[in-house]
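Below you'll find the structure, written out as structure tokens, and then a few comments.
The values are calculated or read from the model by the stated rules, or taken from the named source; none is laboratory data. Quantities reported herein were computed from a predicted structural model and do not represent experimental measurements. Note: ideal-geometry Cβ built from the backbone for every residue, glycine included; neighbour counts use all protein chains shown.
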Amino acid sequence: MGENHNLTARCKDGSEIAVEIGISPMRLDDKRYVVATIADITERSAIEQELQIAATAFDSHEAMLVTDSQGDILRVNDAFTKVTGYSREEVIGKNPNILQSGRHSADFYHDMWERINQDGCWQGEIWDRRKNGEVYPKWATITSVSDKNGQVSNYVSIFSDISSVKKAQDQILELAYYDPLTGLPNRRRLVEYLERAMVESKRSNMFGALMFIDLDNFKIINDTLGHEQGDVLLKEVANRLTTALREVDIVARLGGDEFVVILHELESDGNRAMQYARHIGENLIRILAKPHILEGRSYVCTGSLGITMYYGNEVSIDEIFRSSDVAMYEAKKRGRNSLRFFDPEMQASLEKRSQMESDLRIALKKKQFVLYFQKQVDNEGRIIGMEALVRWAHPERGMISPSEFIPVCEDSGLIVPVGHWILTESCRTLSQWQQHDSMKHLKLAVNISIKEFMQDDFVSQVNLLVDEYGVHSDRLELEITESMAHDDLDALIEKMHQLKKTGISIAMDDFGTGYSSLSYLKKLPVDIIKIDRSFVDDLGVNANNESIVKTIAKVGESFGMDVLAEGVETEEQFRLLIEYGYKQFQGYYFGKPMTADKFEEEFQSIPRREK
Ligand code: C2E
Ligand code: MG
Ligand code: MG
């Protein structure tokens, strides 16, 4: 019996070859021999190795199919069966087009084959159909194999199922570009759309428009009915907007209750484009104002629209956004539920505002603010307290009204330091009054803006000042306005409770002008409601307002809150208000706001409330 050994041998020229050495015993002429044969098996072993590799590769986790030159399937691997659902027997001898999903055009396959025939290989994404009918995306590489003569002998297709990758990709895209609540494009996507729309507008010489929409009283509904109902409303708004617009227009949600619409390629004539945009805007306003049924009840949530026209892409996206925002705020200022186009006048007023902002910073540094005080009286005209009202003693413009500069302070955040000054000055004044027997019963009401109130440390700031000036906290009243409807109603209420614990009282200022519902008011731990002076103004003229004035007095009574009437200017108004049940009053009839000095001087001549 002989034996064979495979070894590597080195040739004379130094190269290595694979050899098979055969050794076998042999008898010849009664003599024993050992015969050794050496064969060069380099080529054979290379082929074997390749076959080994091919077999391993064929069993890989990637699906594979091999066809002959006619495209008939010769072989498939296990992974193929796993991905497609077809067994070997079901596909051998068939054409791979049984896998097609029908999603691609004939051109697609034509181009693909052209590539394979030209370059010997094609790679790309194909949507195929599994045996169970499911359509899925796969990433495929198709290679042609040629024989020694250069003739195509086989095609090999290697592919993997990329549906999960695609799904993840889509999810990421969805998260990055779409608002999860409404499914509308988000800000990022909107910017991309607008960029494209502006380029297209330049090409087509057509005007387009960007529309900002802000819901007018969403916050109140959200706060009173809860976020779930708020979400229902937002989805409905998204739906109404989308169905009301053309397919080419884009509706996006910026967040909260802010939506944006791109009106694409309206008209080539500027005026007509504007008319068209107005027409669409008015239609949207009407659609938005239709009632929503939430928890079985009907709620109206109107919208304010700001529109900027664009033509080409010369103006920056930022500027168009800003302009639409300004126009939207202008619409809000004009009584909401309306639309405004951006115009250069608005720009001018914007610039004036920014000038005022820098002047206000100087005013703060140079202590140009002054506190005035206005009397609050009982039904016999006796002074029970004062309201602190800030003024800006401008070195050139004279006394400036808070209605002019407080909104700028609020927008710029300056209200925080300005408000702190007001509160400090108020506490200082109150502590002075406390030194006089005749004045120490007076309470002082201080107006507080929402941004100030919602500072994390607002309560401790107030407490510190109260301690520092030794103020009796039950003499201090903080006025917040009804429009303070804040995102975080719970936090607002919590702060109000914390303040009340120390004895400070809370007044709801300008009541009736915002959107407060009674259920909203009931949630707030308010001590006193100040009915806005616009209602008092109309007493005896407007019967509707008169009934509001009466109702508010009753609401106060039933909620256990005091009611104060602001802006009393005549004896007749005073008389009527007493009749309706008001107990506290403020207005020019009793005195205009005045400086602390003037008040202290005048106080001696005014009847005092008995202790
Ligand atoms: P408000 O808190 O509702 O103050 C009442 C406003 O009505 C005051 O205007 C007052 O002068 C005016 N007023 C009072 N009685 C009458 C009247 O009989 N007839 C008329 N026509 N007006 C009357 P003022 O001082 O111009 O303040 C305007 C608003 O500015 C205030 O409204 C308040 O919202 C805000 N404000 C004033 N001071 C401050 C402050 O210190 N901090 C904050 N955050 N806001 C303030
Ligand atoms: Mg006030
Ligand atoms: Mg007021």
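Check every one of the helices (runs of 4 or more DSSP H) wholly within the stretch 136-226 and list those with 2 or more residues that are under 16 Å from the mean Cα position of the chain (by Cα) and farther than 30 Å from residue 272 by Cα.
By residue number, 163-177, 218-225.
State all residues of the stretch 437-452 that are assigned to a loop (DSSP other than H, G, I, E, B) and surrounded by 17 or more Cβ atoms within 10 Å (Cβ to Cβ); if no residue qualifies, say none.
Applying the first criterion (assigned to a loop (DSSP other than H, G, I, E, B)) to the stretch 437-452 yields 437-442, 448-449.
Residues satisfying the conditions are 439, 441, 442, 448, 449.
Would you please list the contacts, defined by Cβ atoms under 9 Å and residues six or more apart or on different chains, that run from a residue in the stretch 578-602 that is touching a residue at least 60 places away in the same chain (Cβ under 8 Å) and of a type in the set (D, E, K, R) to a residue that is within 16 Å of ligand 2 (Cβ to nearest atom) and in a strand (DSSP E or B)?
583/562; 583/563; 583/564; 592/372; 592/374
Quick one: residue 125 ticks every box in (1) assigned to a strand (DSSP E or B); (2) surrounded by 15 or more Cβ atoms within 10 Å (Cβ to Cβ) bar one, so which box is it?
(2)
Residues of the stretch 128-137 being out of contact with any helix residue (DSSP H, G or I) (no Cβ under 7 Å at 6 or more places or on another chain) and either of a type in the set (Lys, Arg) or more than 19 Å from residue 76 (Cα to Cα) (or both), which ones?
133, 134, 135 - these are the residues of the stretch 128-137 that are out of contact with any helix residue (DSSP H, G or I) (no Cβ under 7 Å at 6 or more places or on another chain) and either of a type in the set (Lys, Arg) or more than 19 Å from residue 76 (Cα to Cα) (or both).
For residue 471, are the conditions met, namely being away from ligand 2 (no atom under 16 Å from the Cβ), modelled with pLDDT of 95 or more and assigned to a helix (DSSP H, G or I)?
no
Considering every residue within the stretch 246-262, establish whether at least one is part of a helix (DSSP H, G or I) and either over 16 Å from the mean Cα position of the chain (by Cα) or of a type outside the set (Ser, Thr, Tyr) (or both).
There is no residue in the stretch 246-262 that is part of a helix (DSSP H, G or I) and either over 16 Å from the mean Cα position of the chain (by Cα) or of a type outside the set (Ser, Thr, Tyr) (or both).
Scan the stretch 560-594 for residues that are surrounded by fewer than 22 Cβ atoms within 10 Å (Cβ to Cβ), part of a loop (DSSP other than H, G, I, E, B) and touching a helix residue (DSSP H, G or I) at 6+ places or on another chain (Cβ under 7 Å) and report the count.
Of the residues in the stretch 560-594, 3 are surrounded by fewer than 22 Cβ atoms within 10 Å (Cβ to Cβ), part of a loop (DSSP other than H, G, I, E, B) and touching a helix residue (DSSP H, G or I) at 6+ places or on another chain (Cβ under 7 Å).
As an exercise: evaluate residue 513 against (1) at pLDDT below 85; (2) away from ligand 1 (no atom under 15 Å from the Cβ) and give the number of the one condition it does not meet.
That leaves (2) as the condition not met.
In this structure, is residue 27 surrounded by fewer than 11 Cβ atoms within 10 Å (Cβ to Cβ) and either assigned to a strand (DSSP E or B) or in contact (Cβ under 8 Å) with a residue 12 or more places away in the chain (or both)?
yes
What number of residues within the stretch 2-19 satisfy the criterion of being out of contact with any Ser or Thr (no Cβ under 8 Å at 6 or more places or on another chain) and part of a strand (DSSP E or B)?
Residues that pass the stated criteria total 6.
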